[in-house]
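Just so you know, all these numbers are worked out from the coordinates, no wet-lab data involved. A quick note: this is a predicted structure, and the numbers were derived from the prediction, not measured. Backbone-built Cβ (ideal geometry, glycine too); neighbour counts: all protein chains shown.
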Amino acid sequence: MLFELAKKFAFIQNIVVNLQTSLHPSIMHNLGKIEVIKKAMWHSELEGLTGDYFEFGIYEGTSLYAAVKAHKKIKSSFKRNFYGFDSFDDGFKYFDERDKHPYFKEGDFVSSYEKTKKRFAAFPNVKLIKGYFEETTTAPEAKNIYGNNKCAIVFIDCDLMHPSIVALEYVKPILQAGSIIILDDYFAYKGDENLGTAGALRTFLQTNPTISVREFSDYGYGGKSFVVTKV
């Protein structure tokens, strides 16, 4: 009935269009992030995948919070730790000239470490690691962060190729068949497969030929995820 009315009356179609276009793309994209995290968490549950959740580039912690809540809402059979890596108060910084992009400016994406920490005060299984990935993941004590646990899901939301490669190399020892890799802004840099998070995954797979992946799910405005099929 509603469909038939919509076909006959253009003003109903206009209302729908106006509602949809009034939502800012960033809102739609962030809703997509939450959806893909929920999907990955549920898929991991169905597959009986043990291991933890790793997020690189958490900003104020919204998507990390979504992961924690999704895990709780599905009443998971598995105990999981949640790790959030970010520079927080130090903001955005380039470590590689190839990563330069007109939208990503040094000094942007500053967030409060203390505020974010308070946001997760009620969740003892959430660990925040403050600092640039290039430094925190290569420190002598870095491997002690996750111990012997495997990686179930890794979400890389740092936009750039270099830190994304660093993140992938960090979780490499704990990847397993079934691990889900979520990459934000996969089609940035005008779709160049050798730059951004797309370039990071490509480089990572080239330098680690024993690891293979297949597409899992697209989301939002240019996000893409993959499932590890072989390590």
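In the stretch 68-98, the qualifying residues are those that are within 17 Å of Thr50 (Cβ to Cβ) and among the polar types (S, T, N, Q), and the one that is surrounded by the most Cβ atoms within 10 Å (Cβ to Cβ) is Asn81. Entry remark, the stretch 44-67: residues being surrounded by fewer than 17 Cβ atoms within 10 Å (Cβ to Cβ), within 18 Å of Asn149 (Cβ to Cβ) and of a type outside the set (Ser, Thr, Tyr) number 2 in total. Of the residues Gly51, Gly61, Gly131, the single one that is touching a residue at least 12 places away in the same chain (Cβ under 8 Å), small (Gly, Ala, Ser) and touching a Cys at 6+ places or on another chain (Cβ under 7 Å) is Gly51. Test Phe120 against the stated conditions and say whether it is under 19 Å from the mean Cα position of the chain (by Cα), on the phi > 0 side of the Ramachandran plot and of a type in the set (Phe, Trp, Tyr). Considered against the rule, which asks whether it is under 19 Å from the mean Cα position of the chain (by Cα), on the phi > 0 side of the Ramachandran plot and of a type in the set (Phe, Trp, Tyr), Phe120 comes out as no.
Of the residues making up the stretch 106-123, one or more are part of a loop (DSSP other than H, G, I, E, B), exposed (fewer than 14 other Cβ atoms within 10 Å of the Cβ), acidic (Asp, Glu) and out of contact with any Cys (no Cβ under 9 Å at 6 or more places or on another chain).
Summed over the stretch 134-177, the residues that are of a type outside the set (Val, Ile, Thr), part of a loop (DSSP other than H, G, I, E, B) and surrounded by fewer than 20 Cβ atoms within 10 Å (Cβ to Cβ) give a count of 10.
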